[in-house]
Amino acid sequence: MPEAPPAAKSRKFRGRVFINWDRCKGCGFCIEFCPPKVLKFSDKFNNHGYHPPILENEPACTGCDLCGLYCPDFAIFGIREAVSAGVPAGADVPASPAAAA
Amino acid sequence: MSVSPAINPVEPFLRTERMPHIWCPGCGIGTTVNCFSRALVDSKLPLDKVAVVSGIGCTGRVAGYVKLDSFHTTHGRAIPFATGLKLANPSLNVVVYSGDGDLIAIGGNHFIHAARRNVDIKVICVNNFIYGMTGGQVAPTTPLGATATTSPYGCFEAPFNLPFLAESSGAVYVARWTAYHVRHIAHSMVEAFKKKGFAFIEILAPCPTLYQRRNKLGDGLETMRYYKQHSVIKNGASTRELKLDLKGEITVGKFVDIERPTLQDAMDQRYREVLKESYCGRGGA
Ligand code: SF4
Ligand code: SF4
Ligand code: SF4
């Protein structure tokens, strides 16, 4: 994983992105329009036979949620959280308990 | 894998048990729903005072997917239903969410008259230039030369210019964006929700399955890139001059933002003048 850009290190928040793996239809909108190009297509298929995005450069994520605005399948979104907050980010995190069902 | 309390901002507005939705990969309709959810949050409207009315079609499905009071009407009849809803229950914020085929073809007459009367409803029209759900027939928005199942040699009928139609019919707020302009769409929706009267937002959106495929315009993503490259924002532009063809520049922006009495206000004023004290007003007031 590439180093975080210097700007990211001095920020008081970090971006985190959540992907609902099986809801994705592989359109690529999130990958194309993510300003710092955090995402890329996975080589793997989801349950419906699409290639969802995975994190390629997670430290660059600003949490702008443009991916969330673009995703026509409500399968991804970004948030900003204070850098002290704990949980490690990662792909394949259910967006909500309901979505995981 | 960790489970996070973070939830997708659109999630509280969805009937998640109905997901995944029926829209095709790369269809732009879902993108507009994200914008709608952000606009609802930003405008702080009480959600039990928001009602969504759709007609038939791919965009018409929005009424069935949003976790708000909603009604899926017969083809073309979203606006008359919404008009009745607003007149009978003036405190509701009534949003009509439908496609170009439903709103402008089948329901075209309702559209112009609701704008003329300045009914206080917000109309969001997702324009994909074709009848989607019914199989890719030509619509009154299909650009000249574009192919549809019912125009195999290319469309030869001049299409409507929707913002011009809305403005000349009397709409008080008119904007056009593409599905690429997500933040602009959300901002326009917030403005439209604040507006009293007939507000109209046209959103051009990819229909990769029918329109783009038949016209060899690539997939949804290619269309989004095309929108990004070819859209020119001209706020306040004369709606008569707006550009939108099969290929070429697309004029987007907010074109109209004016005030004039709504149907309800005009009715109250007239009846008060004529009937004086014997007019008891609407809603038993
Ligand atoms: S939140 Fe913004 S920066 Fe992060 S992945 Fe999404 S679009 Fe990219
Ligand atoms: S925008 Fe949504 S559906 Fe499209 S590739 Fe990204 S996560 Fe998948
Ligand atoms: S047919 Fe077109 S408009 Fe309908 S869901 Fe598919 S891509 Fe979207």
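The values are calculated or read from the model by the stated rules, or taken from the named source; none is laboratory data. Every value quoted in this text rests on a predicted model; they were computed, and no experiment measured them. Cβ coordinates were reconstructed from backbone atoms using ideal geometry, including for glycine residues, and neighbour counts include every protein chain displayed.
Among the residues of segment B:215-242, which ones are aromatic (F, W, Y) and under 20 Å from the mean Cα position of the chain (by Cα)? The one that is aromatic (F, W, Y) and under 20 Å from the mean Cα position of the chain (by Cα): B:Y227. From the list B:E277, B:E273, B:E222, the lone residue that is among the charged types (D, E, K, R), without any contact (Cβ under 8 Å) to a residue 12 or more places away in the chain and within 30 Å of B:L210 (Cβ to Cβ) is B:E222. Can you go through B:P5, B:P20, B:P25 and tell me which one is out of contact with any strand residue (DSSP E or B) (no Cβ under 7 Å at 6 or more places or on another chain) and more than 8 Å from every other protein chain (Cβ to nearest Cβ)? Going through B:P5, B:P20, B:P25 in turn, the sole match is B:P5.
Among the residues of segment B:100-152, those that are polar (S, T, N, Q) and in contact (Cβ under 8 Å) with a residue 12 or more places away in the chain comprise B:N118, B:N127, B:N128, B:T134, B:Q137, B:T141, B:T142, B:T147, B:T149, B:T150, B:S151. Just one of the listed residues (B:L92, B:L103) is in contact with a helix residue (DSSP H, G or I) (Cβ under 7 Å, 6 or more places away or on another chain), surrounded by fewer than 21 Cβ atoms within 10 Å (Cβ to Cβ), more than 9 Å from chain A (Cβ to nearest Cβ) and aliphatic (A, V, I, L, M), namely B:L92. Elements of the type strands (runs of 3 or more DSSP E) sitting completely within segment B:171-285 and holding at least 2 residues that are exposed (fewer than 15 other Cβ atoms within 10 Å of the Cβ): these cover B:231-233. Filtering segment B:60-102 to residues that are within 24 Å of B:V138 (Cα to Cα) and of a type in the set (V, I, T) leaves B:V62, B:T73, B:T74, B:I79, B:V96. Every condition in (1) facing chain B (nearest Cβ under 8 Å); (2) more than 16 Å from ligand 3 (Cβ to nearest atom); (3) closer than 21 Å to B:P25 by Cα; (4) at pLDDT 90 or above holds for A:I79 except the one numbered (3). With respect to B:T141, is the statement that it is under 15 Å from the mean Cα position of the chain (by Cα), away from ligand 1 (no atom under 16 Å from the Cβ) and in a loop (DSSP other than H, G, I, E, B) true? It is true that B:T141 is under 15 Å from the mean Cα position of the chain (by Cα), away from ligand 1 (no atom under 16 Å from the Cβ) and in a loop (DSSP other than H, G, I, E, B). Restricting segment B:41-60 to residues that are free of Cβ contacts under 8 Å to residues at least 60 places away in the same chain and assigned to a helix (DSSP H, G or I), the residue that is nearest to the other protein chains (Cβ to nearest Cβ) is B:V41. Once segment B:29-40 is narrowed to residues that are more than 16 Å from ligand 3 (Cβ to nearest atom) and among the small types (G, A, S), the residue that is farthest from the other protein chains (Cβ to nearest Cβ) is B:A39.
Number of residues in segment B:145-170 that are outside any loop (DSSP other than H, G, I, E, B) and not hydroxyl-bearing (S, T, Y): the value is 7.
Within segment A:36-70, the set of residues being more than 11 Å from the chain's Cα centre (by Cα), within 12 Å of chain B (Cβ to nearest Cβ), in a loop (DSSP other than H, G, I, E, B) and not hydroxyl-bearing (S, T, Y) comprises A:N46, A:N47, A:H48, A:G49, A:H51.
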